[in-house]
Structures are given as C-alpha cells and as structure tokens.
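The values are calculated or read from the model by the stated rules, or taken from the named source; none is laboratory data. The model shown is predicted, which means the values in this text are computed figures rather than measured ones. Note that each Cβ is placed from the backbone with ideal geometry, even for glycine, and that neighbours are counted across all protein chains shown. Surface accessibility is based on the protein's heavy atoms, side chains included, excluding ligands, DNA and RNA. Shrake-Rupley method; radii C 1.70, N 1.55, O 1.52, S 1.80 Å.
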Amino acid sequence: MKIYFTASTAKFNQFKSTYFKIRKILIDQGHVLTRDWLPHTEKLIETKKHKLRNIKNIYKACIKSIREADAVIIEDTVSNFSTGHQITKALQMKKPTLVLWQKTKNRQFNQMFIHGLESNLLEIVEYNTGNLEETILIFLRKFRNIAKKNRFHLVLDNLERSYIDWAQHNYGKSRTQVIRDSIRKALDEDEEYKKYLTQN
C-alpha cells in the first residue's frame, strides 16, 4: 500500500525514535511512503536549518502526498493545528486514517474535538511500544482494498426488517447505512477478528 505518514515536529527530538520506528515498521511491511520526510527533517533540525524551509511548498507536498496515499497514519501524541488539519484533509479525501496517541499523551479531557468526527475511515488508537506494530498491522489489513465495493443479496426476517425501517426513520439513515453501521460496530469490537488480522 501507499502510506502517508506524518507527525508533529514540535517536540521532534523527544519523539523522533518513535517516529522512526513507525517509518521502519511501514517500510519493513513493504509499504511505500508517499512522502518520506523524516531523514532529511532530522538533519534540518540538527543543523537549525528547518526554520528556512518554504512552508507553502511543504504544505503543497503534504496535500499531494495525502491524495496519492491509500491510507494515512498520523502520530498525534504532540497534537497541533498541522496534524489536525492533515487528519481533516485525509478524511475529506476519503482516506482511511489512523491517529496514534501514546498512552502518556497529556490530555485534559477524555473526549477531544477529534472524537466529534463521524467517519468510518477514522481510527484513534492509544498505543505503547509493545503494541505499536500490531496496531499498525491491524489498521492496514482492515482497510486494504477499501475502495472495492461488493454487492450481495440479503434475506431478513420481519423482526430484522422492522428494526431497519425503525432505525431508518429515527436516525435519518438509509437502510444500507444502518446495516453497514451495525457491521462496522461488530467489526470494531470483535477481538477474534483483530487476532485474525495480525496473522500472516
């Protein structure tokens, strides 16, 4: 898959080992980074030349790389406008988006603005160094071939059809969306399926 990976550079030296670990996991799994910014950014920061960068060119390159990606991964432990904007752009472009927070993330609230986003393509995961690779693997396997659509015939009994009609009316969703939401909920909560996704 083609992956767009980014993170904040605000506390780069504190978190760079994590960022490089994510980069290595993605490359080792055979994915292609649509914008491989980490190696040269580290050099720029070390030489204090990062302040001389042309931010308009960087912005254009980031948006282009999000557009070219099959999926987006954002390490957002150090949240800022830049990462938040890229999350929004990725979802607007209908890209499956994984937002990673270290368990040590300093958050004042249990629910943040990002939790208000309603998207089946958004995953927010709190991770630690022990489950980072598995977290990424599950996300990428879950969303591989996401653009492929499948049609099939579904037979329901009257009880199930009555619920779908009721939900359609009360939640303002199509019958298809009610069914898809139910499947997504089961998919997200099924631990056996998550184990399946981590197996080769």
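Return the pair list, or none, for Cβ contacts closer than 9 Å from residues in the stretch 14-40 that are more than 16 Å from ILE3 (Cα to Cα) to residues that are open to solvent by 70 Å² or more (accessible area, probe 1.4 Å) and among the β-branched types (Val, Ile, Thr), at least 6 apart or on different chains.
Correct list of pairs: THR18/THR129.
So which residues in the stretch 189-200 are in a helix (DSSP H, G or I) and open to solvent by 70 Å² or more (accessible area, probe 1.4 Å)?
GLU189, GLU191, GLU192, TYR193, LYS195, TYR196
Could you tell me which numbered condition ILE66 fails, if it satisfies all but one of (1) open to solvent by less than 40 Å² (accessible area, probe 1.4 Å); (2) part of a loop (DSSP other than H, G, I, E, B)?
Exception for ILE66: condition (2).
Give the residues of the stretch 148-183 that are assigned to a loop (DSSP other than H, G, I, E, B) and open to solvent by 90 Å² or more (accessible area, probe 1.4 Å), sorted by residue number.
Listed by number, the residues that qualify are LYS148, LYS149, ASN150, ARG151, PHE152, HIS153, VAL155.
Going by what's in this entry, would LYS95 be described as open to solvent by less than 50 Å² (accessible area, probe 1.4 Å) and of a type in the set (Lys, Arg)?
For LYS95, the condition - open to solvent by less than 50 Å² (accessible area, probe 1.4 Å) and of a type in the set (Lys, Arg) - is met.
Can you pull out the residues in the stretch 8-20 that are small (Gly, Ala, Ser) and open to solvent by less than 10 Å² (accessible area, probe 1.4 Å)?
The one that is small (Gly, Ala, Ser) and open to solvent by less than 10 Å² (accessible area, probe 1.4 Å): SER8.
Run VAL78 past the list (1) surrounded by fewer than 15 Cβ atoms within 10 Å (Cβ to Cβ); (2) of a type in the set (Val, Ile, Thr); (3) part of a loop (DSSP other than H, G, I, E, B) and report the number of the one that doesn't hold.
Condition not satisfied by VAL78: (1).
From the set of residues in the stretch 101-125 that are more than 20 Å from ARG184 (Cβ to Cβ) and either open to solvent by less than 100 Å² (accessible area, probe 1.4 Å) or aromatic (Phe, Trp, Tyr) (or both), which is modelled with the lowest pLDDT?
PHE109
Looking at the stretch 21-48, which of its residues are open to solvent by less than 50 Å² (accessible area, probe 1.4 Å), out of contact with any strand residue (DSSP E or B) (no Cβ under 9 Å at 6 or more places or on another chain) and modelled with pLDDT of 90 or more?
Passing the criteria: only ILE25.
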